[in-house]
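Some notes on the structure that comes next.
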Amino acid sequence: MKKSSIYRREIVWLVFIFAAAFSIQRLPAYSIEPGCKGALISSPDQKGFTKLPPWKRPLWQVHTTYGLYGVGGDLGDRFGMSSIVGLELQRQSPRHGWVWSLRGGHLFGAQVKEINLFGDIATTSGDIITANGIFEDYRLRQFGWFVEGRLGKIVFPMGPQGSGIRLDMGIGMLQHKIWIETPNNNSPQLSSEYKRGYDRLCDGLSLSQNLTYHYLSANRLINFQVGLDLIQAFTRERRSVRYDTGLPAHGERRDFLDGLKISWILPIYERSEKTGLYFD
């Protein structure tokens, strides 16, 4: 895949996200007050409204997340479908509704596309022979981590209070490598020290954009977030030399993950001194 076509795809996604966020932000928005059936939040100058007692808003949230991603760019040449499982801690501004968050997760996948990974220490068919003269039952997997800080906001409130369409932007770090597993542990050429020369360790700066639906139920029992998660990482290979070629490989890489992320939310509520309004 040519890099120019990859960039065009990412630009199309970004334009779509910003256009959607701009469009829905201009629509009228209403939210349901927690625990008050049929209640609406509105401005104090509207007639036919009565003040409600103070309510508790979720200023802190803990998210357990899972995402399934298609990969592109240089990452797509090395791995297949990828997953990220992790945690996210969020803090909501009580005044302006901005959400600051820190998320981290484990990147993994079962498909490794890299061929001739072991060079001369493997047979022509790619097998590794152990010290006992038998074939090593080695396995290759994708392994890595991802951490970032994010800033977001609900641009279109929809549903119970604190729910709606949300846009987030993030910056962080992404690392990935080929995990080489040798169950027999009897191959000197693939000891822990030598695996480092074959694992293609890469890391670098990452950017992300999320467009999701954020839902917090009035009874606080069902709370989730689901939507698009786009990640672009600008990485380099970090090992000084590849053992299979004897050459360094420190060229710039463009690693892309585009997928669907779902989170289960544990909200931590605080009481607010502000009052809500409902129809009299």
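Readers should treat all values here as calculations from the given coordinates under stated rules, not as data from a laboratory. What you see is a predicted model, and the numbers here were worked out from it, not measured in a lab. All Cβ positions, glycine included, derive from the backbone under ideal geometry; neighbour counts span all protein chains shown.
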Check your understanding: Quick one: length gained pulling GLN111 to ARG196 fully straight, 0.36 nm per residue minus the C-alpha distance?
Key -> 28.7 nm
Review point. Efficiency by 1/(1 + (r/R0)^6): what FRET value for ILE129 and VAL241, r their Cβ-Cβ distance, R0 = 25 Å, to the nearest 0.05?
Key: 0.60
Review point. Measuring from label point to label point, each 7 Å out along Cα→Cβ, what is the ASN184 to ARG139 span in nm?
Key: 1.6 nm
Revision key, fill the gap. Cβ-Cβ cut-off under 14 Å around ASP199, Lys and Arg +1, Asp and Glu -1: the net charge is +4
Practice item. Give, as a single signed number, the net charge of other residues whose beta carbon lies under 9 Å from the beta carbon of GLN142, with Lys and Arg counted +1 and Asp and Glu -1. Key: +3
Exercise for review: Provide the gained length on full extension for the span ARG220 to LEU68, in nm with one decimal, where the gain is 0.36 nm per separating residue minus the Cα-Cα distance.
Suggested key: 52.1 nm
Revision key, fill the gap. Descending packing, highest mean Cβ count within 10 Å first, for 127-133, 81-87 is 81-87, 127-133
Exercise for review: Scan around GLU136 for amide H atoms under 5 Å from its own, H built in the peptide plane at 1.01 Å from N, and keep only partners 5 or more places away or cross-chain.
Suggested key: ILE128, ILE129, THR130
